[in-house]
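Report on the structure given below.
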Amino acid sequence: MSLPSASSVARPHRKPRLDPRSLALIEASVIPMGALLASALIFSLFLLMLGKDPIRFFSLVWTGGVASSFSIQNTLQRAAPLILTGLAFAVPARIGMTLLGAEGALVLGGLASALIAIPMMLGGWPVWLGLPIMALTAMAVGGAWVGLAGWLRHYRGVNETISSLLLTYIAVAIMNFLVEGVFRDPGSTNKASTMPLGPDWRVGDIPGTSVHWGLATGLIIAALLWVLMERTTFGFSARIAGGNLRAAQAQGLPVGRLAVASCAIAGACAGLAGFFEVAAVHGQANASLAAQYGFTGILVAFLARQNPLAVVPVAFLFGALAASGGLIQRRMEMPDATMLVLQGIIFVTLLTSESLYGRLPFLSVSQAGDRT
Amino acid sequence: MSDAVFMVMMAMFGGAIRVSTPFLLVALGETLTEKTGRINLGLEGNLVLGAMVAYATSYSTGSPWLGVLAAAGTGTVLSAGHGWICKLPKVNDIAVGIAFMTLGTGLAFFFGKPFIQPTAPRLDAIELGNWSSNPQVQQALKINPLFFVGLALAVVLWWMLKNTRWGLIIRMTGDNAAAARAMGISVDRVRLVATAAGGSLAGIAGAFLSLYYPGSWNESLSSGQGLMAVALVIFARWSPIRCVWAALLFGASGALGPALQSIGISKGYYFFNAAPYILTLIIMVLSARSQKAAHEVPGELSIVK
């Protein structure tokens, strides 16, 4: 009578074709892709019910988003803030915080950079010094704003989801208050705005394109944050705290500082997006800053599964959707909220698909590893 | 008392009741949902979609009360979707709430475009101020029946949670799901029903916005009332009766700006607009670590863990 080998007793079905790490990666790509496909189907049904042609819709997304070099540049232009706001959601999410504060940080950061530019322009400061100061101001203001939500969460026990959303509403109100009031440029008759930046005070385009430098900055920051979250002690501690707060505390990790720092990084990213919106797109701060980039960034981050590198392609996808919005509105006579409906459907489908993790039969090995 | 102060006081009183009604309805719905241990952040979506559906129904049928009913139905369906998804494993109820906020708002804006221009029949108020000859008093005592519906619901909900079998089932599900399961209660079904019922109240709150005050449909109709109501429930420590007082407090803070405007103080309009948000934040900070709240919070609630 021979005993069965230990491994066959423990895992009778196991055929180790791939190590669990790669399987988890495949799982994390297959499930969101499947959710996207399912959303496209649901949205097609929605269009069919309204008597619209789904094939025409998706071909217009293709035309408006990627088909020509003009549309690609339009897509990239819109992806730039989405990368930064997506990162702004993804980084605190790794430590277990759900923050809706990116929109507020973007608005206040943009406003702050437009305001600090005024004395520098009037004082004749050199631009090479002025623009970095504007960017740093935007990051500091955004970081402090969202950092406040992190601080309140950790040291006062205030739920960060609600407090960060309230902070967003307050930020928009502050911007309206200042832009319509003290800092209103007398020249802005149609739409109250701050004093416009001079032509040489604008951030230019990446040479050879009509895409501003915010895109390149976003790519660099995504890479840096990936290194921070995956390859440093900070990121490791943050992920432990996100996985099990008590365990992290028991290990003596500085959980409070990690939480506040993650939120501050998030706010700084969103604030930087605000700086580029002001210095590269609008040339001044006004109500156009609250263009929902902060909220779309939440969906971007969810679809990227909070991975800073994956945020980039997902931001391109939503940039393409946004870029084709106008074309679809004109050609198919559909309201601008069409994209919001599509986003909502993607969001709901995606979260529903979360329950599939560890339950796909052909990826079942990953279940034995890190998932419960 | 000087005239101006009297005017502001009366405008504040009337305004507080008007502004508080949607807060009250959403908060009662959220209280019911949270009592079962689940949180629905998507009520903002219900509110906006409910407002649009109510307005469209009232416009096409001529009956505003039919609009209220349609809004309640819409809210029920939307929240039933939330409840159904949340019972799947590994799904985070806060995230699903954000998704439903996006979906509800998107659908409302999508289908609501044709209804921004036309005027629909609105809900009538009950005029309780006819005994007075003072027009400000009359104005302040014009109260919408939905406010009284909210008050009655608060009492009924309080009584039900405290004294009935259903109330016990709801509280048990919210405090200890494992114990409830051991008693043979279907935790998922209780939560699904409570979420759907809460969603219908948020839909009605939306109907109040579009059919009474401010009384028209547009895309900036809701300014986060659905979300502030979630904070309000925490502040009210999950008690329907305290929800009434909290909603009135929020209503008063929201009525401050318009009341000051009525006597010609329009400076800082945007600042007064922000007053309810600032108040909510301060209240959350003050109530977050209170011993009483820790004692009364439903044990299964993810938001306080």
Report summary line: Rounded to the nearest 10, the angle in degrees between the Cα long axis of helix B:3-35 and the longest principal axis of the Cα atoms of chain B comes to 20 degrees
Report task. Extending each Cα 7 Å along its Cβ direction at residue A:332 and residue B:219, get the distance between those two points in nm, one decimal. Result -> 1.7 nm
Query raised in the report: Using 18 Å as the cut-off for backbone N distance, which residues of region A:294-327 belong to the label zone defined by a point 7 Å from the Cα of residue A:63 along Cα→Cβ?
Result: A:320-327
Report task. Set the Förster distance to 25 Å, then compute FRET efficiency between residue B:156 and residue B:66 from the Cβ-Cβ distance, nearest 0.05. Result -> 0.60
Requested in this report: Describe numerically, in nm with one decimal, the distance between label points set 7 Å from Cα along Cα→Cβ at residue B:179 and at residue A:22.
Outcome: 5.0 nm
Report task. Within a 10 angstrom radius of each residue's Cβ in A:289-296, how many Cβ atoms of other chains show up on average? Whole number is fine. Result -> 1
Report task. Express in nm, to one decimal, how much length is gained between residue A:309 and residue A:362 on full extension, taking 0.36 nm for each residue of separation and deducting their alpha carbon distance. Result -> 16.5 nm
**Report entry** Interatomic Cα distance distribution for the protein assembly as shown, bins of 10 angstrom, percent
**Finding:** 3, 14, 24, 27, 19, 9, 3, 1, 0, 0, 0
Query raised in the report: Expressed as a whole number of Å, what is the distance separating the alpha-carbon centroids of region A:151-208 and region A:42-74?
Result: 32 Å
**Report entry** chain A: angle of helix A:102-122 to the longest principal axis, Cα-based, in degrees nearest 10
**Finding:** 30 degrees
**Report entry** Cβ charges +1 (Lys, Arg) and -1 (Asp, Glu), total dipole of the protein assembly as shown, debye
**Finding:** 1720 debye
Query - region B:186-246 versus region A:118-136: alpha-carbon centroid distance in Å - result: 47 Å
Requested in this report: Any chance you could run the full-extension gain for residue A:210 through residue A:125? It's 0.36 nm times the residue separation minus the Cα-Cα distance, nm to one decimal.
Outcome: 27.9 nm
**Report entry** Cα lying deepest toward the dipole's positive end in region B:3-304, options B:211, B:258, B:187, charges on Cβ
**Finding:** B:187
Report task. Report the net charge of residues surrounding residue B:276, where surrounding means a beta-carbon distance below 15 angstrom and charges are Lys +1, Arg +1, Asp -1, Glu -1. Result -> 0
Requested in this report: Write out the chymotrypsin sites (Phe, Trp or Tyr not before Pro) in region B:45-89 meeting two conditions: DSSP loop, and at most 11 other Cβ atoms within 10 Å of their Cβ.
Outcome: none
Report summary line: Taking protein heavy atoms only, a 1.4 Å probe, and rounding to whole percent, the accessible area of the protein assembly as shown owed to carbon and sulfur comes out at 65 percent
Query raised in the report: Which FRET efficiency value, to the nearest 0.05, is calculated for residue A:236 and residue A:29 with the Förster distance at 25 angstrom and r the Cβ-Cβ distance?
Result: 0.60
Query - Shielding by partners - mean other protein chain Cβ count within 10 Å, residues of B:109-119 - result: 3
Report summary line: Taking B:131, A:226 and ranking on accessible area (1.4 Å, protein atoms only), highest first, one gets B:131, A:226
Requested in this report: State to the nearest 20 debye the size of the charge dipole of chain A about its Cα centre, where the only charges are +1 on K and R beta carbons and -1 on D and E beta carbons.
Outcome: 1080 debye
Query raised in the report: In 20 Å bins starting at 0, how do the alpha-carbon pair distances of region B:3-304 split up by percent?
Result: 35, 56, 9, 0
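If you count, for every residue in A:172-180, the Cβ atoms of partner chains within 10 Å of its Cβ, what is the mean?
Neighbouring Cβ atoms belonging to other protein chains average 4 per residue here.
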Query raised in the report: Which value, in debye to the nearest 20, gives the size of the charge dipole of region B:135-264 about its Cα centre, when Lys and Arg are +1 and Asp and Glu are -1 at the Cβ?
Result: 440 debye
Query raised in the report: Shape of region A:24-93 from its Cα gyration tensor (a ≥ b ≥ c, root eigenvalues): rounded if a/c is under 1.5, otherwise prolate when a/b > b/c, or oblate?
Result: oblate
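The values are calculated or read from the model by the stated rules, or taken from the named source; none is laboratory data. Keep in mind the model is a prediction, meaning the values are calculated, not measured. Note that each Cβ is placed from the backbone with ideal geometry, even for glycine, and that neighbours are counted across all protein chains shown. For the accessible areas, the whole protein counts, side chains as well, though only heavy atoms, and no ligand, DNA or RNA atoms are used. Shrake-Rupley method; radii C 1.70, N 1.55, O 1.52, S 1.80 Å.
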